[in-house]
1. It is to be established whether one or more residues within segment 18-30 are at pLDDT 95 or above, open to solvent by 50 Å² or more (accessible area, probe 1.4 Å), in contact with an Asp or Glu (Cβ under 7 Å, 6 or more places away or on another chain) and more than 21 Å from GLU171 (Cα to Cα).
2. Among the residues of segment 78-98, write down those that are assigned to a helix (DSSP H, G or I) and open to solvent by less than 10 Å² (accessible area, probe 1.4 Å).
3. Of the residues that sit in segment 159-181 and are part of a loop (DSSP other than H, G, I, E, B) and in contact (Cβ under 8 Å) with a residue 40 or more places away in the chain, which one is surrounded by the fewest Cβ atoms within 10 Å (Cβ to Cβ)?
4. Quick check on segment 110-155: of everything there that is charged (D, E, K, R) and within 18 Å of PRO65 (Cα to Cα), which residue is modelled with the lowest pLDDT?
5. Say whether the condition of being closer than 18 Å to ALA198 by Cα and among the β-branched types (Val, Ile, Thr) is met by at least one residue in segment 15-28.
6. Is it the case that ALA75 is assigned to a loop (DSSP other than H, G, I, E, B), at negative phi and open to solvent by less than 50 Å² (accessible area, probe 1.4 Å)?
7. Quick one: how many residues across segment 123-158 are open to solvent by 60 Å² or more (accessible area, probe 1.4 Å), over 23 Å from ALA74 (Cβ atoms) and in a helix (DSSP H, G or I)?
8. Take the residues of segment 31-44 that are touching a strand residue (DSSP E or B) at 6+ places or on another chain (Cβ under 8 Å) and aliphatic (A, V, I, L, M): which is most open to solvent (accessible area, probe 1.4 Å)?
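The values are calculated or read from the model by the stated rules, or taken from the named source; none is laboratory data. The structure presented is a predicted model; accordingly, all values stated were derived computationally and were not measured. When we count neighbours, we look across all protein chains shown, and the Cβ atoms used for this are built from the backbone with ideal geometry, even at glycine. Calculation scope for accessible area: heavy atoms of the full protein, side chains included, ligands and nucleic acids excluded. Shrake-Rupley method; radii C 1.70, N 1.55, O 1.52, S 1.80 Å.
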Amino acid sequence: MRILALETATHRLAVAFWDDGAVVERAAELPSGGSEWLLPAASALLDEAGITMRALDGIAFGTGPGSFTGLRLAAGCAQGLAFGLDLPVIGINTLAALALASGEERVYACLDARMNEVYVAAYDGGAEVIAPRVCAPEAVPLPGGEGWVGCGDGFLAYPARLPAFSRTRPESRPTAAAVAQLAAPVLARGEGLDAALAAPLYVRDKVALTTAERLARGGSK
């Protein structure tokens, strides 16, 4: 089974090629945009593997939550490729991909959502314990038990406002390799979706606050 995976929910954009369990990835830190990098990187990755897009079985992408622009980029590219190649798409939650990419067992995934908020979810051995949501750092829900590791750039953006964990890994990011790994069993079960159904998972519908709202949340004008 061969899958091309895209993950662009954060500043770290990545593409990966999954071939029956073997996976290779290319990534780049691109704080602004990245549309000009993504598809050429995917083509170069497949060229290195010695295959064409026509040899793929599916297109996977990180659905979010994350950067609105980044989510639209991944969903749009995945949809366009899937339409052109007549392939199914598999959307994978970005926080689940972050948890898997961290290599930790009990993961409290937390990404900076801007606007004085974070996207959070919790996973225990890959099983979702707290569903993805957006909230203020001080209001995040916490899982029960011990041994949770805080992962993601939310801990870099709001270190003093988030709950304390015995260990944090703010450098952890979701990866396209993790997206591909999570997508493989979905595709194997025949649960890939029609390209028309490729869509981002925003969690939050609003992309900007008014001045009054920013001030109320402790921001500046």
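1. The answer is no; no qualifying residue exists.
2. Scanning segment 78-98 gives ALA78, ALA82, THR94, LEU95, ALA97, LEU98.
3. So, considering only residues that are part of a loop (DSSP other than H, G, I, E, B) and in contact (Cβ under 8 Å) with a residue 40 or more places away in the chain, the one surrounded by the fewest Cβ atoms within 10 Å (Cβ to Cβ) is PHE165.
4. That would be ARG114.
5. yes
6. It is false that ALA75 is assigned to a loop (DSSP other than H, G, I, E, B), at negative phi and open to solvent by less than 50 Å² (accessible area, probe 1.4 Å).
7. The total comes to 2.
8. Selected residue: ALA44.
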